[in-house]
Structure formats: structure tokens, C-alpha cells
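To start, the structure itself, in C-alpha cells.
Derivation of every value follows stated rules applied to the coordinates shown; laboratory data play no part. This is a predicted model, so every value here is computed, not measured. Ideal geometry is used to build each Cβ from the backbone, glycine not excepted, and the neighbour counts take in all protein chains shown.
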Amino acid sequence: MSALERKTIYCEAQFDTKKKVTAPAGFQTDKYKKRAKKIEWEHVVPAENFGRTFDEWRQGNALCVNSKGNSFKGRRCAEKVNGEYQLMQADMYNLFPAIGAVNASRSNYNFVMLTEQKSSFGSCAMKIAAKKAEPPQSARGQIARTYLYMASVYPRYKMSKQQYRLMSVWHRQYPVSDWECLRAERIALLQGNLNQVLIKSCSEAGYSI
């Protein structure tokens, strides 16, 4: 990945090989200030959105017992014992670099349009309010196609009708870039499966995977 391609998804901040972020001019955050100095890998479709469909997440499992003999459930249990969950959580098509503070603030909130809300991060146009998030225009196409991909590949993950409509609009409104297609090509080589949503979109845009 070249320096020009090392950009976070929400704020387009540059970062180096040591994961140190150079925040864009005017970026600011009131919370998670230590995490603002590094990148983290963001699940665009939050792990909880598909994780809660697993029994291990909701109820636990006989194998999910810590060193003190106490049972646990949730993400940690699903990670430990369920292979399907492990694949979904590790799917690279759903993982994007993000400034740590933005990743933390976004949490597992669904994406909506927050038309009356100002940016939560100064010059970075990411908005978060009332447990909802609105990404900058530069990220919306990639986000939409990631949601559509996850829903197409993993039957247990289902979007709400409202979320599906929004993602379909963003998918049409914000076309793929050459970098999005190149990224998909590289992931396919590493992960071993093709992203049919991006293959179709890239082909229509004149890019190849």
C-alpha cells in the first residue's frame, strides 16, 4: 500500500507503517484523545450487528469458561468457539482503517442522515448523535457496498429495510473508485473469495478486479 493509499475511511487521514496517524488540519475530538493518535481497524458493519445472531453471543457456550471457572458470553465467546463468526469478524472486505477516536465514538451505531447535526470531529465531516452516525460523502459509497456485500455473503446478517434503502441510494450516488477496486483485488488474493458486489460495480465503472 503506498502512502497515498494509506487513508482512514471516515476522515481520509494519512497514517504510516507504524499506524501513527497524521490527522487532517482542523480535526478535533473531545473524547478518546489517546486513540486519536493511531489507526484502528473498523468493522464498517459492526460485529455486534451480526454477532448477536449467534447463540454463543447471546447465551454463551459450555466451552466459554475463564481460568476462574466463570462462564462468559458475547463477542469473546463467539470468537472462541464459532468458526462462522470468526470468518465474519475477520472478513477483510468489512475492515477499514479509522482514527481510533472516531472508531470508538462510532461504536456499533447504525448509519443515517443527520441533516441538522454538525460535524463531531471538526474538519472531518463524520457526525455522531443519539446513537446514530452519518459518514462523510467520501466514505458513503464504500460503506454502502460493504453492507451490501456482507448481506449477500452471510445469510444470517440482514439489514433493516430502512438501512437497505439508504445503502442502495449511497451505492448509486457514490460510484466506486479505482482504489476501491484495487483494494478488492488484493483482498481476493489474500482471503480467497471474490466480492461480487464490487466485481459488478467495478466492471460497470470500467475498472477490473
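One Cα centroid belongs to the range 143-196, the other to the range 20-73; the line between them spans 21 Å.
Which value at 222 nm does the chain reach when only helices count, each DSSP H run of 4 or more adding -39,500 (n - 2.57), with the total divided by all residues and rounded to the nearest 500 deg cm²/dmol? Provide the component values of the computation, followed by the final result.
Values: 9 runs with 85 residues, N = 209.
It comes out at -11500 deg cm²/dmol, rounded to the nearest 500.
In order along the range 48-54, the Karplus-derived 3J(HN,Hα) couplings, from 6.51 cos²θ - 1.76 cosθ + 1.60 at θ = phi - 60°, round to 5, 5, 9, x, 6, 7, 8 Hz, and Gly and Pro are given as x. Sequence-ordered 3J(HN,Hα) estimates for the range 127-144 from the Karplus curve with 6.51, -1.76 and 1.60 and θ = phi - 60° stand at 10, 9, 7, 6, 6, 9, 9, 10, x, x, 4, 4, 9, 5, x, 4, 4, 4 Hz, glycine and proline given as x. Positive-end ranking of GLN142, VAL197, ALA125 along the dipole of the chain, with charges on Cβ about the Cα centre, is headed by ALA125.
Stick to Cα atoms and the Kirkwood definition of Rh, then tell me Rg/Rh for the range 92-190.
Details: Rg = 13.8 Å, Rh = 14.5 Å.
Across the range 92-190, the Cα-based Rg/Rh ratio is 0.96.
Which order, highest average first, do 40-46, 55-61 follow once you tally other Cβ atoms within 10 Å for each residue and take the mean per peptide?
Numbers: 40-46: 19.6, 55-61: 16.9.
Averaged packing, sorted descending, gives the order 40-46, 55-61.
How high is the FRET efficiency between SER107 and LEU189 when r is their beta carbon distance and R₀ equals 30 Å, given to the nearest 0.05? Mind showing how you got there, number by number?
Numbers: r = 32 Å, r/R0 = 1.06.
Efficiency computed from Cβ-Cβ geometry: 0.40.
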